[in-house]
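Peer 1: Let me begin by handing over the structure; questions about it come next.
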Amino acid sequence: MASQELVLAGWITVSLYLAVTLFFVIRGASKTKSIADYALGNLGFSPYAVGLSLAASMTSAATFIINPGFAAYAGISGVLAMALMLPLGALVSLVVFTKGFRKVGNVIKAMTMAQWIGARYKNGAFSMYFAFLSLLLITFVVLICVGLTKVMAAMLNTHEVATLVVIVCVIFGYMMFGGANSMVYTNMVQALLMIVVAVILLTSGLEHFKEGFDGFLAKLAAIDPLLARPLNPESHLFRDMFEVVFCQIVVGIAIVCQPHIITKSLLLKKDSDVNRYLFTGIVVEILFFLVVAAGLYARLSFPDLEVAGVAISVDDVIPTYVLQEFSWVVGLVVILGLISAGISTLEGLIQSLSTTITSDILGSLATRRGKSLSNEVGVNRMVIVFLAAVSFFFSYRQLVAPNLSVAIFAQNGVYAYFSAAFIPVLFGIFFKRVPLAVPVTGAIAAIVVHFGIYYGRLTPYMEGPVRNPAVAAALAICASTLLSLGIYGIHMARTSKNVKAVKV
């Protein structure tokens, strides 16, 4: 239970936080006249502001709230996977993909990932396919809603379901108006606060390093020897090198193929701003990923993962750690940063999802019938209401009956999406004259392999009560890549043969 001081200060701070956010929303809404303004904005954004927005969007409630819980349960293996291997793949991929994606995106004037893919391959049906696939990202929205609910309910001593209702109504409510014009600035403020909180969390356990890193590992080993090892065969997700290293790097490489991440570069007005944007985002993102290590501090504070005889779930580890280990003043700052981590990504997801549904699904369907959406901004607001209702339903179910953690539910959907998006983005950026069969085959194969392995319980990794979505995603990405490269190779061989025949 939070102290009365924290509860009172929490209500005051949350009210001020909301007031600042509404200021930027109202300011942005006054500049939003079309769906294009909502998606990409019409203001001149600083590359540093967009870089901070990128870092805030890439880092969600998963990184600050949920993932440290896995580290608390699994130990060093979880930190290696989520704070080193996954970021290694993600940040390298971000640098490699960004300039090419932006170049193509500016030429075809894309607002969404589905539009980018459809325009790049000149196929409306393929664009529609990805527009519907983007609905899988609702699972990520659910993760963030649950994470925010856990943190705010703990701080304010409120019922979780009632807290969820307020969160959904408020955040989805104000996202009906501002869009990108307000989101870049709210993300910037959120990222700055998250930097402060990341430093607080990472330094909160320095006392455990008085005898060096070996002494720190010894403390973990005293609780459970497996906590101090790079692999934890008794964990659900970090059992061997395949799960800890290979799967995380492969997933990291593909993870940037999410609309609220890779399309962020389209907010920049000049190509000369890209390097400063990337530098800012990557430096801050490295700090954010390291926050996973705070889960190890929590495990040292709660060796049995219990408080007053009550077990601490994966999703409750960080909220409990903050309430138990910090004064109410510091705890308030930390919790506000955790809230920012969730809201920043949630805003980006709501913006990208609603734009995709409005423009790429409803707009395209209307066009095919010879009509057009007369008021796209108004339709977009109704779409956000729909997303709010769906998100609340699934968030409620994850609060009352999660499968180990809401992260498993979210990863299954999100990983499937970017596994499918990887090949179309890869070939769309780096290959010329790509036959449509290549990206279509890769995108479909990835979905079939991912869900086939996960729900078919294929491979030994899927036999336990908790299945690892990273394994299904990594295998799906590898399978779709090999298949697509094979088809592309056959196409190039045939093309070369035909060219030679013509010359003869």
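Peer 1: Assigning unit charges at the beta carbon (Lys, Arg +1; Asp, Glu -1) and nothing else, what dipole magnitude in debye, to the nearest 20, does the chain show about its Cα centre?
Peer 2: Working: 32 positive and 22 negative charges, 598 e Å.
Here the size comes out at about 2880 debye.
Peer 1: Given H placed on each backbone N at 1.01 Å, which residues far from Val307 in sequence or on other chains put an amide H within less than 5 Å of it?
Peer 2: Ile312
Peer 1: On the first, second and third principal axes, largest extent first, how far apart are the outermost C-alpha atoms of the range 225-287 in Å?
Peer 2: Principal-axis extents of the Cα atoms in the range 225-287, largest first: 51, 21, 15 Å.
Peer 1: In whole angstrom, note down how far apart the Cα centers of the range 354-427 and the range 124-162 are.
Peer 2: Comparing the Cα centres of the range 354-427 and the range 124-162, I get a distance of 10 Å.
Peer 1: Could you check how many percent of all C-alpha pairs in the range 288-421 are farther apart than 21 Å?
Peer 2: Value for the range 288-421: 59 percent of Cα pairs lie more than 21 Å apart.
Peer 1: Separate question: Averaged over every viewing direction, what's the projected area of the C-alpha convex hull for the range 117-181? Give it in nm², one decimal, please. List each step's numbers first, then the result.
Peer 2: On the way: hull surface 24.0 nm².
Directional mean of the projected Cα hull area for the range 117-181 stands at 6.0 nm².
Peer 1: How long is the range 182-284 along each principal axis, judged by its Cα atoms, biggest number first, in Å?
Peer 2: 54, 33, 22
Peer 1: If you line up the long axis of helix 47-58 against the longest principal axis of the chain, both from Cα atoms, how many degrees apart are they, to the nearest 10?
Peer 2: 70 degrees
Peer 1: Given all pairs of different Cα atoms, what value in angstroms does the Kirkwood hydrodynamic radius of the range 141-234 take?
Peer 2: 17.0 Å
Peer 1: Right, next: Taking θ = phi - 60°, what integer Hz values does the Karplus form 6.51 cos²θ - 1.76 cosθ + 1.60 yield along the range 212-225, in sequence order, with x for Gly and Pro?
Peer 2: Residue by residue, the range 212-225 yields x, 5, 5, x, 5, 4, 5, 5, 5, 5, 5, 7, 7, x Hz.
Peer 1: On the Cα set of the range 363-436, report Rg and Dmax in Å, please.
Peer 2: Looking at the range 363-436, its Cα Rg and Dmax stand at 18.3, 50 Å.
Peer 1: Within the set Lys150/Lys210; Lys371/Lys432; Lys99/Lys122; Lys103/Lys269; Lys270/Lys371, which residue pairs have Cα atoms separated by over 23 Å?
Peer 2: Exceeds cut-off: Lys150/Lys210; Lys371/Lys432; Lys270/Lys371.
Peer 1: Could you check the spin-label model distance between Ala221 and Ala162? Points 7 Å from the Cα along Cα→Cβ, value in nm.
Peer 2: Reported label-point gap for Ala221 and Ala162 is 4.9 nm.
Peer 1: In angstroms, what radius of gyration and Dmax does the chain have, counting Cα atoms only?
Peer 2: Expressed in Å, the Cα Rg and Dmax of the chain come to 22.7, 87.
Peer 1: OK, next. Would you please put 225-232, 205-212, 84-91 in order of how densely packed they are, using the mean number of other Cβ atoms within 10 angstrom per residue and starting with the highest? Could the numbers behind the result be given before it?
Peer 2: Details: 225-232: 19.0, 205-212: 11.8, 84-91: 20.5.
Ranked by mean Cβ neighbours within 10 Å, highest first: 84-91, 225-232, 205-212.
Just so you know, all these numbers are worked out from the coordinates, no wet-lab data involved. It should be emphasised that the depicted structure is a prediction, and the values quoted were computed from it without experimental measurement. Virtual Cβ from ideal backbone geometry, glycine too; neighbours counted across all protein chains shown.
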